[in-house]
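Have a look at the structure below before the remarks.
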Amino acid sequence: MQKKLNKIAKDTNSFLKRFIKKQKKSELIIPMKYGLFSGGKKIRSKILIDIGTLFKLDYKSLIIIGSAVECIHAYSLIHDDLPCMDNDLVRRGKASTHVKFGESTAVLAGNSLLTMAFEILSNKNLNITEKIKINLINKISESSGHLGIAGGQYLDLSFEHKRISKKKIIDMEVKKTGKLFSFCCIAPLILKKRNNKEIKKFENIGADIGLLFQVADDLIDYRGSSLVAGKKTGKDKKKGKATLISLLGYKNTIKYGNKLIFKINNKLKKYGSKSKNLSETLDYILNRNK
């Protein structure tokens, strides 16, 4: 599993480095690269490739799409860490972008990574039709803005120190984390021109994978080591974050995570052994950094 993740991370980073090298130089390139190449397991790209394998898609095309996803993810982390948001000083074992370069530079670097994702998807390197490119850009935009990451972060901040229902917590976590995973799950189906019903099915699978990822992240924050996690742990409780752990408790949240894995695997039964890679990734997500 780790070998596969390492290969995807290496190939994604290689593409991104080549892509940035071809661009005109600017003062923001250094903080952009700092936030983009800060480690990270590339689990979103792994999910994209796992689903792409089910549909026998070209690996290189999936790496390009995954690179756009990683730009969106990096932008969201840079902005999440800002003093006006979660005020985190450490990310992936090193100083957060705003600590290293200043707050205004971090905002601009994050904005630039967000827009670079659209540049990547519209670039000639991605050898697909213009119609499919527009569809991909439309879907990744939805997953990044007020209906996705930004909207989820708003809810996350507004729910602090409040008693929030399970339904609302799940809705917040699906927006904040699940929507980008949904994009990773539907992008291969968009490439294969599958029907809306099938796309909707994989969109829901992606939402559940994102929820699983967020559950695992919350478990790490609750019990994990800062050294292993690469960021400060125990902060959710201090900030009064609305999480499933705060509602269900630690053990019940682990059970909830295992139920999610069972539910996702059940939806993939028809693909048989072809979905083995994805099943392995799901187990890795829940049990990582323990």
Next on the checklist: So S96 passes all but one of these: (1) exposed (fewer than 15 other Cβ atoms within 10 Å of the Cβ); (2) at pLDDT 95 or above; (3) among the small types (G, A, S). Which condition number does it fail?
Outcome noted: (1)
Checklist entry - Name the pairs whose Cβ atoms lie under 9 Å apart, with the first residue in segment 123-152 and over 16 Å from I186 (Cβ atoms), the second of a type in the set (D, E, K, R) and assigned to a loop (DSSP other than H, G, I, E, B), and 6 or more positions between them or separate chains? => result N127/D58
Checklist entry - How about segment 265-290: which of its residues are closer than 14 Å to D217 by Cα and buried (at least 17 other Cβ atoms within 10 Å of the Cβ)? => result L282, Y284, I285, L286, R288
Item to check | Matching residues, segment 183-205, being basic (K, R) and in a helix (DSSP H, G or I) | outcome: K197, K200, K201
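One line per residue, one yes/no per condition, for (1) modelled with pLDDT under 95; (2) part of a helix (DSSP H, G or I); (3) under 28 Å from L57 (Cα atoms); (4) among the polar types (S, T, N, Q):
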{"position": "G151", "(1), (2), (3), (4)": "no, yes, no, no"}
{"position": "Y154", "(1), (2), (3), (4)": "no, yes, no, no"}
{"position": "K162", "(1), (2), (3), (4)": "yes, no, no, no"}
{"position": "K167", "(1), (2), (3), (4)": "no, yes, no, no"}
{"position": "M172", "(1), (2), (3), (4)": "no, yes, no, no"}
{"position": "F181", "(1), (2), (3), (4)": "no, yes, yes, no"}
Checklist outcome for this item: If you go through N6, N87, the only one that is of a type outside the set (A, V, I, L, M), without any contact (Cβ under 8 Å) to a residue 60 or more places away in the chain, surrounded by fewer than 21 Cβ atoms within 10 Å (Cβ to Cβ) and farther than 23 Å from A109 by Cβ is N6
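A quick yes/no check of all residues on (1) at pLDDT 95 or above; (2) of a type in the set (S, T, N, Q); (3) out of contact with any strand residue (DSSP E or B) (no Cβ under 9 Å at 6 or more places or on another chain):
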position: A74; (1), (2), (3): yes, no, yes
position: L82; (1), (2), (3): yes, no, yes
position: D86; (1), (2), (3): no, no, yes
position: R92; (1), (2), (3): no, no, yes
position: A109; (1), (2), (3): yes, no, yes
position: L114; (1), (2), (3): yes, no, yes
position: F118; (1), (2), (3): yes, no, yes
position: N123; (1), (2), (3): no, yes, yes
Item to check | Looking only at segment 27-56, and only at residues there that are of a type outside the set (A, V, I, L, M) and free of Cβ contacts under 8 Å to residues at least 40 places away in the same chain, the one that is farthest from K270 (Cα to Cα) | outcome: E27
Checklist entry - Is there a residue being in contact with a helix residue (DSSP H, G or I) (Cβ under 8 Å, 6 or more places away or on another chain) and within 24 Å of I132 (Cβ to Cβ) anywhere in segment 28-44? => result yes
Checklist outcome for this item: How many residues of segment 224-261 are charged (D, E, K, R) and at pLDDT below 85? The answer is 7
Checklist entry - Can you tell me which residues in segment 18-27 are part of a helix (DSSP H, G or I) and touching a helix residue (DSSP H, G or I) at 6+ places or on another chain (Cβ under 8 Å)? => result F19, I20
Checklist entry - Which residues, taken from segment 9-37, are surrounded by fewer than 19 Cβ atoms within 10 Å (Cβ to Cβ), more than 25 Å from I186 (Cα to Cα) and within 20 Å of the chain's Cα centre (by Cα)? => result K17, K33, F37
Item to check | Filter pass, D221 being under 12 Å from E173 (Cβ atoms), of a type in the set (D, E, K, R) and modelled with pLDDT under 90 | outcome: no
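The values are calculated or read from the model by the stated rules, or taken from the named source; none is laboratory data. If you're wondering where the values come from, they're calculated on a predicted model, not measured in any experiment. Methodologically, a virtual Cβ is constructed for each residue, glycine included, from the backbone with ideal geometry; neighbour enumeration extends over all protein chains shown.
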